[in-house]
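The next block holds one structure in the form of structure tokens; read it before the comments.
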Amino acid sequence: MHRLIRKIFRLLCLLMIAALLYSVWLRDVVPPTWHASLDPISFGIISVFTVWVALWLYRIRFRYRDLTMEKVDDMDGFEFERFIAYVLKRNGFRHVKVTQESGDQGVDIIATKDKVKYGVQCKRYNGFVGNHAVQEVWSGKEYYQLDDAIVLTNSEFSDSAQELAGELGVTLIDRDRLRKMIKRLPG
């Protein structure tokens, strides 16, 4: 679906360039009898392009507007990963990339902040997140040769996960810290 949308957008960009070229330079060159059909076509293309870009910017900027933690709890795993990637971008991380859904070696998102490359393991849980998530992101950190590792959840961490994370130097972001990060989203 995303490929089709990208292809349509590329075609629309090319048509937009052609419409602008016609409007700015070629209108004086073409025969006046063509103006009756080319003027509305170019206006339509420019209008459609403008509306498309405006809707796309609105969706990117306000996609998670007025989001509650209850809605976060209802997300599926992959949707949660994409949401966390967006939250990381809005919290100063750059080069944020969601890894593949399966076989990601314990790292769901790779992101950079202050020249430090992080591997992030996202866990959308209803109960306590245990040691396994810390172990996964630690091994993924080594696999991808990253500088630091983070486990981020909409829930809480078990005592043993907190202890292991402290030993390995893995950063844990629980529900309260995630809520604070979400507050930085545009609303």
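The values are calculated or read from the model by the stated rules, or taken from the named source; none is laboratory data. This is a predicted model, so every value here is computed, not measured. Positions of Cβ are backbone-derived with ideal geometry, glycine not excepted, and every protein chain shown enters the neighbour counts. Ligands, DNA and RNA are stripped out before the accessible areas are found, and what is left, the full protein with its side chains, is counted by its heavy atoms. Shrake-Rupley method; radii C 1.70, N 1.55, O 1.52, S 1.80 Å.
Would you pick out the residues in segment 99-122 that are surrounded by fewer than 20 Cβ atoms within 10 Å (Cβ to Cβ) and either at pLDDT 95 or above or not small (Gly, Ala, Ser) (or both)?
Passing the criteria: Thr99, Gln100, Glu101, Asp104, Gln105, Thr112, Lys113, Asp114, Lys115, Val116, Lys117.
For segment 48-71, which positions are more than 30 Å from Arg124 (Cα to Cα), more than 19 Å from the chain's Cα centre (by Cα) and surrounded by fewer than 12 Cβ atoms within 10 Å (Cβ to Cβ)?
Selection gives Thr50, Val51.
Would you check if there is a residue in segment 123-139 being assigned to a strand (DSSP E or B), under 14 Å from the mean Cα position of the chain (by Cα), surrounded by 15 or more Cβ atoms within 10 Å (Cβ to Cβ) and not basic (Lys, Arg)?
no
When only residues in segment 72-98 that are small (Gly, Ala, Ser) and surrounded by fewer than 16 Cβ atoms within 10 Å (Cβ to Cβ) count, which is farthest from Asn154 (Cα to Cα)?
Step one: filter segment 72-98 for residues small (Gly, Ala, Ser), giving 77, 85, 92.
After this cut, where a residue has to be surrounded by fewer than 16 Cβ atoms within 10 Å (Cβ to Cβ) as well, the list is 77, 92.
On the way: Gly77: 11, Gly92: 20 Å.
Only one residue fits best here, namely Gly92.
Answer yes if at least one residue in segment 22-33 is assigned to a helix (DSSP H, G or I), under 15 Å from the mean Cα position of the chain (by Cα) and among the acidic types (Asp, Glu), and no otherwise.
So far as segment 22-33 goes, no, none of its residues is assigned to a helix (DSSP H, G or I), under 15 Å from the mean Cα position of the chain (by Cα) and among the acidic types (Asp, Glu).
State the number of residues belonging to segment 140-155 that are surrounded by 15 or more Cβ atoms within 10 Å (Cβ to Cβ) and in a helix (DSSP H, G or I).
3
Can you name the residue in segment 37-47 that is open to solvent by less than 80 Å² (accessible area, probe 1.4 Å) and among the β-branched types (Val, Ile, Thr) and, of all such residues, is nearest to Ile8 (Cα to Cα)?
Checked segment 37-47; the qualifying residue nearest to Ile8 (Cα to Cα) is Ile45.
Within segment 163-185, does at least one residue satisfy the condition of being open to solvent by less than 50 Å² (accessible area, probe 1.4 Å), within 16 Å of Met75 (Cβ to Cβ) and among the polar types (S, T, N, Q)?
no
Taking segment 106-157 as the search range and keeping residues that are polar (S, T, N, Q) and touching an Asp or Glu at 6+ places or on another chain (Cβ under 8 Å), which one is nearest to Arg94 (Cα to Cα)?
Gln121
Which residues, taken from segment 6-31, are more than 15 Å from Ile46 (Cα to Cα) and exposed (fewer than 11 other Cβ atoms within 10 Å of the Cβ)?
Hits for segment 6-31 are Arg6, Lys7, Trp25, Asp28, Val29, Pro31.
Could you say whether any residue in segment 62-77 is among the polar types (S, T, N, Q), farther than 19 Å from Val151 by Cα and modelled with pLDDT under 90?
yes
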